[in-house]
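One structure is given here, and the rest of the page talks about it.
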Amino acid sequence: MPDSSPIHGRLIRVACIVLGALVLAAAYGPAMVGHIKFALNPYVINDDARQQIWPMLEYRGETAFAHDEIARYYLDCLPVGYQAVYRLTSVWWDPRDVSKLLPYAMWLATLAGVATASRRLSGGFGAWFSVALCLGAGVVLERCTGGLPRGFGFPILAWMAAALVYGRADLLLALTACAGAFYPVTGVIGGAMSMLLLVLPGRDRGQAATWSWRRRGATLALVGALAVLGVWPAMQGTKAYGRAIGPHDLTAFPEAGPGGRYDFGDYPPYPGYAHDALAAWTTTLMSPGRSWGPLTPWLRAEHRGVSVAGAMLTAITLLAGSGVILRARDQSEMRRLLTLALASAGCHIVADVLAPKLFLPNRYALYPVAILAMVLVPAGILAVSRLAARHLHRPVFGYVCASCLTLLTLAGVGAAGDTQGGYRIGIDQHHALYPFLASLPDTSVIAGWPTGAINNVPYFTGRRILLSYETHQAFHVRYTLDMRQRMEALLAALTSTDPQAARDMAQRFGVTHVIVEREYLIRRPAYFKPFDGMMNAVLPLKPDQPKPALLTRPGSVVYRQHDLFVVDLAAWNAAEQPAATRGEEARAVSVVQSPPPDDIAPMPGIGRQTTSH
């Protein structure tokens, strides 16, 4: 009779795969379903999509942004391969829709890459463990959401890690050559990994074991040239906006330093690699997100200054680290993978020294360390479990130990996914402001307080703006100075009693309409240096002080909803200063006397737009 054991073996493997998939679906499916619901809601968007997606509406033939400097700045800075994706898909779909679909392709590619790398290192159970970690790590979905260049970071590095583990030098080099065209940070890391791989001893070089020094050098040179070609268009495009702002420019450009536009870690002096790597490791394994149950908040809360989940994470890290060291002694796959850690550290240090030429140093820790966490923790835990079972001569103990440690890592430390991952901005679908602004001529330019409704205007209306918080960047000298001039003109127009301030803003920047939101006039709104000092001198408005000129001609108001209204500057400029009749005076003064509004109501489950930096 034919041997049926191979058939039985295949059936068992299929059953294990199906069972594993069902467990993952039950554990992480609810979070993913919730995330997809947010993605399908047109009124919920990713924060940074408000700066990088709407400029690509011109690929659909829309002309509103044809001569817009803000849109041109982003298009000139975006990687050429990333733009090619949107140019191609815009033939059929709106870029805003693509930005909702593309993240799931990147997310699935990351899952596949992590599973492929882990399966070679740790077998089928290790691959399942890695996929579970990836599903629970909100940082992966959060960085992919929005369909931005950074979303390519995880899938590219996940497949680079798989190429290292399998010893596929050709795949690693091909990814390196293309990576810069999608997310340049991954191209730099890939280049460092390629160099490290090709200088390893022959037994660890995998496919490149027999390559001569000459062939290795020529291959690296070719790949380097192709990688430079991928970033060359963006490098040339940004020259029009002046040199990059570096650590020595912070006195002249406080926008780029402490108290400026960016959060800690994104401005110099930058934290060291140890800080950024530890933050990435912790964020990946102890990710915020959907709770497993009432026990999770207790585990994460501090008890006498100590978090139970944090202590468990430390123990798991030490245990997994021991297993990785054991595996690295006799497994070339592990030694090759560890070149990713070396490349990450080296690139971070170089990016810090050469800042700002290689972008923000912490990006060289975030993406590689997250991938390493999802692959190395299962490999290390399984290695320690097998070693314990071998020493105790009880194979069952190895399975029990591995299962308990896996459960402890996933449920005790991790989260059950992140329903909102990357979707933190929601607007009231009944808010009529955006349809009204979209009905204006496409030559219109709209101004408003940068952290208010204006943030959403380009994305939801396809109309140009003076500036917004999202588009107010401080990476290049000329662009930063232009944004500074725009902010100064806006602040003067909103607060000055001299009508000429509003006229100057209209003449210099082509502003046709101004959104006035009372909450930003009666309080001292949060913004960043150097504008905080300017605001302190003029805000908040007081009921007994002279009214700003922009607010004294109520006949020019073309839209009003609660305490948000839109002023047509053409009508305002044409109108004579009105007599201070009781009715007109009351309408003008209402800006500083009516109760605070909720101008942009958040969607259920979505946080209100933040004004912090």
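The values are calculated or read from the model by the stated rules, or taken from the named source; none is laboratory data. Quick caveat: nothing in here was measured; it's all calculated off a predicted structure. Note that we place each Cβ from the backbone using ideal geometry, even for glycine, and neighbour counts take in every protein chain shown. For accessibility, only protein heavy atoms count, side chains too; no ligands or nucleic acids. Shrake-Rupley method; radii C 1.70, N 1.55, O 1.52, S 1.80 Å.
A few points about this structure:
- Listed by chain and number, the aspartates and glutamates whose C-alpha is less than 17 Å from the C-alpha of residue 100, apart from same-chain residues fewer than 8 away, are 47, 48, 142, 418.
- Over all other residues within a Cβ to Cβ distance under 11 Å of residue 310, the charged ones net out to 0, with Lys and Arg as +1 and Asp and Glu as -1.
- Accessible-area ranking of 357, 100, largest first, probe 1.4 Å: 357, 100
- Surface composition of the chain: carbon plus sulfur atoms hold 64% of the accessible area, using a 1.4 angstrom probe and ignoring ligands, DNA and RNA.
- Cα-Cα pairs of the range 36-164 separated by more than 19 Å (percent): 53 percent
- Per-residue [θ]222 nm for the chain (sum of -39500 (n - 2.57) over DSSP H runs n ≥ 4, rounded to 500): -18500 deg cm²/dmol
- Annotation: residue 338 carries an accessible surface of approximately 50 Å², with a 1.4 Å probe and no ligand, DNA or RNA atoms counted.
- Global form of the range 399-438, assessed from the alpha-carbon gyration tensor, a/c cut-off 1.5: prolate
- Using only side-chain charges placed at the Cβ, +1 for Lys and Arg and -1 for Asp and Glu, the dipole size of the chain relative to its Cα centre rounds to 2140 debye.
- Cα-based convex hull, the range 368-519, per residue volume (Å³, whole number): 178 Å³
- Pairwise FRET efficiency - residue 403 versus residue 25, Cβ, R0 = 25 Å, nearest 0.05: 0.85
- Legend: calculated FRET efficiency, residue 243 to residue 439, from the Cβ-Cβ distance at R0 = 41 Å, rounded to 0.05, equals 0.50.
- FRET efficiency for residue 199 and residue 170, using Cβ-Cβ distance with R0 set to 22 Å, rounded to 0.05: 0.80
- Surface accessible to a 1.4 Å probe, per residue, for the residues of the range 296-404, Å²: 47 Å²
- Measuring with a 1.4 angstrom probe and ignoring ligands and nucleic acids, residue 281 comes out at about 50 Å² accessible.
- Heavy-atom accessible area ranking, 1.4 Å probe, most first, across 275, 476, 303, 391: 391, 275, 303, 476
- Charge tally for residue 127 (other residues, Cβ to Cβ under 15 Å; Lys, Arg +1; Asp, Glu -1): +2.
- Gyration tensor (alpha-carbon) shape descriptor, the chain, a/c threshold 1.5: prolate
- The residue among 411, 20, 451 whose Cα reaches farthest toward the positive pole of the charge dipole of the chain, with charges on the beta-carbon of Lys, Arg, Asp and Glu, is 20.
- In the range 155-207, the chymotrypsin sites (Phe, Trp or Tyr not before Pro) that fall in loop regions by DSSP, at most 10 other Cβ within 10 Å: none
- Extension gain for the segment residue 67 to residue 388, taken as residue separation times 0.36 nm less the Cα-Cα distance, is 108.9 nm to one decimal.
- Shape of the range 331-433 from the C-alpha gyration tensor: oblate (a/c of 1.5 or more and a/b not above b/c, with a ≥ b ≥ c the square roots of its eigenvalues).
- Reach of residue 357 by Cα under 19 Å, taken over lysines that are not fewer than 8 positions away in the same chain: 239
- Placing a pseudo-label 7 Å from each Cα along the Cα-to-Cβ vector at residue 274 and residue 560 gives an inter-label distance of 6.2 nm.
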